[in-house]
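**Student:** One structure is given below, represented as structure tokens, and several questions about it will come after.
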Amino acid sequence: MKLYKKDQHFLIDEKVLDRIIEYGQLNSSDTVLEIGAGYGNLTEKLARKAGKVIAIEADTELASSLNRFGNVEVIIGDAMKHNFPHFNKVVSNLPYSISSPVTFKLLEYEFDIGILMYQYEFAKRMVAAPGSKDYGRLSITVQYHANVEILEFVPRLAFSAPPQVNSAIVRLVPRLPPYEVKNEDFFMKFIKAAFSQRRKKLRNAILNNAAYLGIEDKTMEKLPSDIIDRRAETIFPEELARLSDILYMEKYKYPQK
């Protein structure tokens, strides 16, 4: 009997697999990216509906079995170490150990829709609103780039080699950001710093990360105290964007309008 690696959990529930295909609204003009194809349960259904499937699988033994599909291009290796070929949809039962980095990487690409399986707790963090315990860096980053929605809860027994946690199917639809920032890279660094100490007031989190952000302590005087004296988890993304812009303009001495 084959022993599966820690992060190999294969979706075997046919009804769930079929609903994933329905959510993707696939047709023959689609090029679908699948990350973590496994032994091809989902790949086979994707190949029947899409014009082309690009299946990425790190396990060489599993990847060799994917060549049985004529319209599937197989990439053997770590998804985090490969540039993704052109695709317009991504449909995957993602390896849970790379959920954050692979999601951030996907959001660097242009595509129409993503139908993605995540751990349920991770999915809740993706869709979380300010004021909830799940709201944080992940929520803001994902929602800055895309509309995100949990489509359904998936119990652990829907998988062979069941994971220790339940899962969820998430729809990700990229769009333009709902608010503007002066510099996106700095904003993302600021968000990381802001949520690095969730139990502290934002003022303290910024001060403790001043070197990381490349700012001087005295810059804090420019920030509105009614915002920075709250915890980051209570602050709306637009307010955090405003703070980020002030710090960025002070750092590079841009005149404020």
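**Student:** Quick one: net charge around Asn27, please, counting Lys, Arg +1 and Asp, Glu -1 for every other residue with C-beta under 15 Å from its C-beta. Mind showing how you got there, number by number?
**Tutor:** Values: positive: Lys45, Arg48, Lys49, Lys52, Lys89; negative: Glu22, Asp30, Asp112.
Spelling it out: positives minus negatives among the neighbours equals +2.
**Student:** Return one number: the angle in degrees, 0 to 90 and rounded to the nearest 10, between the long axis of the Cα atoms of helix 14-24 and the longest principal axis of the Cα atoms of the chain.
**Tutor:** Once rounded, the angle reads 60 degrees.
**Student:** What is the percent carbon and sulfur in the accessible area of segment 176-257, measuring with a 1.4 Å probe over the protein chains and ignoring ligands?
**Tutor:** It is 47 percent, rounded to a whole number.
**Student:** Quick one: putting +1 on the C-beta of Lys and Arg, -1 on the C-beta of Asp and Glu, what dipole do you get for the chain around its Cα centre, in Debye to the nearest 20? Don't skip to the answer; put the middle values down first.
**Tutor:** Numbers: 36 positive and 33 negative charges, 140 e Å.
Roughly 680 debye for the chain.
**Student:** Taking the highest mean first, how do the peptides 10-16, 217-223, 38-44, 84-90 order by number of other beta carbon atoms within 10 angstrom per residue? Before the final figure, lay out each step's value.
**Tutor:** On the way: 10-16: 15.0, 217-223: 12.9, 38-44: 21.0, 84-90: 17.7.
Ranking the peptides 10-16, 217-223, 38-44, 84-90 by packing returns 38-44, 84-90, 10-16, 217-223.
**Student:** What accessible area per residue, rounded to a whole number of Å², is obtained for the chain using a probe radius of 1.4 Å?
**Tutor:** 50
**Student:** From largest accessible area down, sort Val102, Val74; use a 1.4 Å probe on the protein chains. All intermediate terms of the calculation are to be shown ahead of the outcome.
**Tutor:** Details: Val102 0, Val74 35 Å².
Of Val102, Val74, the descending order of accessible area is Val74, Val102.
**Student:** Note down the accessible area of Glu238, probe 1.4 Å, to the nearest 10 Å².
**Tutor:** 100
**Student:** ³J(HN,Hα) across segment 242-247 via Karplus (A = 6.51, B = -1.76, C = 1.60, θ = phi - 60°), whole Hz, x for Gly/Pro?
**Tutor:** 4, 5, 4, 5, 4, 5
**Student:** Given R₀ = 22 Å, FRET efficiency for Asp229-Lys253 by Cβ-Cβ distance, to 0.05? Numbers along the way, then the final one.
**Tutor:** Working: r = 26 Å, r/R0 = 1.18.
After rounding, the FRET efficiency stands at 0.25.
**Student:** Zone of Glu110 (label point 7 Å along Cα→Cβ, backbone N under 16 Å): which residues in segment 158-195?
**Tutor:** The answer is 174-177, whose backbone nitrogens lie closer than 16 Å to the label point.
**Student:** May I pose another question? Let me have the relative contact order for the chain, percent, based on Cα pairs under 8 Å that are six or more residues apart. Walk me through the intermediate numbers first.
**Tutor:** Values: 443 pairs, mean separation 39.3, N = 257.
Relative CO of the chain lands at 15 percent.
**Student:** Along the Cα→Cβ direction, 7 angstrom out, place labels at Ser100 and Glu73. What is the inter-label distance in nm?
**Tutor:** 3.1
**Student:** Still on this structure, please answer the following. Want the number for Met220 to Asn183: 0.36 nm per residue separation, take away the alpha-carbon distance, what's left?
**Tutor:** Values: separation 37, 0.36 × 37 = 13.32 nm, distance 1.87 nm.
11.5 nm is the gain from fully extending Met220 to Asn183.
**Student:** Right, here's the next one. How large is the direction-averaged shadow of the alpha-carbon convex hull of the chain, in nm²? The partial results should precede the final answer.
**Tutor:** Values: hull surface 60.3 nm².
If I average the Cα hull's projected area over directions, I get 15.1 nm².
**Student:** While we're looking at this one, here's another question. Per residue, what volume in Å³ does the convex hull of the Cα atoms of segment 188-257 enclose? Write out the running numbers ahead of the final one.
**Tutor:** Values: hull volume 5.7 nm³, N = 70.
Looking at segment 188-257, the number lands at 81 Å³ per residue.
**Student:** Hey, another quick one. Which value in deg cm²/dmol, rounded to the nearest 500, describes the helix-derived mean residue ellipticity at 222 nm for the chain, given -39,500 (n - 2.57) per DSSP H run of n ≥ 4 and division by the residue count?
**Tutor:** On the way: 11 runs with 91 residues, N = 257.
-9500 deg cm²/dmol, from helical runs alone.
**Student:** Report the local net charge at Ile215: Lys and Arg +1, Asp and Glu -1, summed over other residues whose C-beta lies under 15 Å from its C-beta.
**Tutor:** Details: positive: Lys182, Lys189, Lys192, Arg203, Lys218, Lys222, Lys251, Lys253; negative: Asp185, Glu216, Asp217, Glu221, Asp245, Glu250.
Counting the neighbours of Ile215, the net charge comes to +2.
**Student:** Grab the Cα-Cα distance for Arg203 and Asp18, subtract it from 0.36 nm times how many residues apart they are, and report the gain in nm with one decimal.
**Tutor:** Extending this stretch completely gives an extra 61.8 nm.
**Student:** Which of Phe186, Thr60, Val154 sits farthest toward the positive end of the charge dipole of the chain, with +1 on the Cβ of Lys and Arg and -1 on the Cβ of Asp and Glu?
**Tutor:** It is Phe186, whose Cα lies furthest towards the positive end.
**Student:** What part of the accessible area of segment 10-146, given as a whole %, is carbon or sulfur when the probe is 1.4 angstrom?
**Tutor:** Numbers: 2670 of 5760 Å².
Carbon with sulfur: 46 percent of the solvent-accessible area.
The values are calculated or read from the model by the stated rules, or taken from the named source; none is laboratory data. Small disclaimer: the values here were computed from a predicted structure and weren't measured. Note that we place each Cβ from the backbone using ideal geometry, even for glycine, and neighbour counts take in every protein chain shown. Accessible surface is based on the protein model in full, side chains and every heavy atom, while ligands, DNA and RNA are left aside. Shrake-Rupley method; radii C 1.70, N 1.55, O 1.52, S 1.80 Å.
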